[in-house]
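Throughout, read-outs are computed from the coordinates displayed, never taken from laboratory work. Computed from a prediction, not measured in an experiment: that's the story for all the values here. Every residue, glycine as well, gets a Cβ built from its backbone with ideal geometry; the counts of neighbours run over all protein chains shown.
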Amino acid sequence: MKYERHITTGAFAAGFIVDNLTLTRIDLLYDNLILLSYLLVAIVSVLLSNMVSATAANRFFAPMRPLVPLAMQFAFGGLFSGFFIFYTRSASLATSWPFLLLLLLLLVGNEVLKKRYSRFVFQMSILFFVLFSYFIFFFPILLHEISARVFVLSGIASLFAIGALVGLLLRVMPAREQEWKKTLIASVGGIFLLVNIFYFANIIPPIPLSLKEAGVYHSVTRAKDNTYMVSYEQNKWPLFFGQTGSTFHKNLGESVYFYSAVFAPTDIDTNIFHSWQYYDENTGKWREASRIGFPIVGGRDGGYRGYSMKTNVQPGLWRVQVETARGQILGRVKFTVVPAQEPLLLETGVQ
């Protein structure tokens, strides 16, 4: 087809934009039904693909031969798109870029890899990866808990799921077991090991949590109507994403406040931490000055709001990281503290 490449590229771009607009909250039924529908199509496509190849002469399966690879590519593309959107919202690029790069390569490479979808081991390996990636955030939502043991449970469930699918296919093509058994075990085992290394090295974003807002302020107070009143310096240019400027002019004896809003799914209560760090110019390393934690409650669209305060902040380069109890980074704000040379003009806002 003359324009097949352009049509495919356009459909890919349109699909990604639509997913980005429609996939809003990771704990909503609608969003999960979209991902589950992609997952179901992927599983059925893999099963049909191998049934077609194993029963090539069967009149029932023959008409499906040209359609099954397209359905499989569509489903995997939708899953990679959804995963990239949700994992990016929970990620700090500085620490999670290897996992996000992997998702991006799978997403962009979905068109390039379409010929490989005919290979059984490749099909099952990609299917195992998407199962594991989905269970990583589905199990915390299902069990109302974010912890290492829930992650381990999601990995075990993924292994059982892929094992059940392989067992089902063995009934259709038992003679081919010896061709791919060792290769499949090595491939799935390698993916399982890699994802576990990424998780325990805090490379995988702390999904389903996500940082909605963060900023450094001169004061933060909680009002009776549960809003937060913040004061910040007047800036020459508009501020984006709710963050303050990169230079903090500090008066003598003044404290520094850090505000954040972290989204968590409904019925999930957990703890987050503000890690206050300064840059040690003598060693060229970041040093933690204090780590302040507080509980958050899930369910609010704008995220659960909270703040921490630090006194005796010395001039220099600082950053505050929003972290989980395990040290997974949701985001960070970097700023330079300098002594104020003149009275500050402050603005007041509501969060």
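A few comments on the model shown:
- Integer Hz, Karplus 6.51/-1.76/1.60 couplings in order for segment 125-133, x for Gly and Pro: 5, 5, 5, 5, 4, 6, 4, 4, 4
- Part-to-part distance (alpha-carbon centres) for segment 147-220 and segment 257-304, which is given in Å: 26
- Listed peptides 292-302, 255-265, 277-287 by packing density, highest first (mean Cβ within 10 Å): 255-265, 292-302, 277-287
- Local electrostatic count at I329 - Lys and Arg +1, Asp and Glu -1, tallied over other residues with Cβ under 14 Å: +4
- Phi to ³J(HN,Hα) by Karplus 6.51 cos²θ - 1.76 cosθ + 1.60 over segment 332-346, Hz, x for Gly, Pro: 8, 10, 10, 8, 10, 8, 10, x, 6, 9, 8, x, 8, 9, 9
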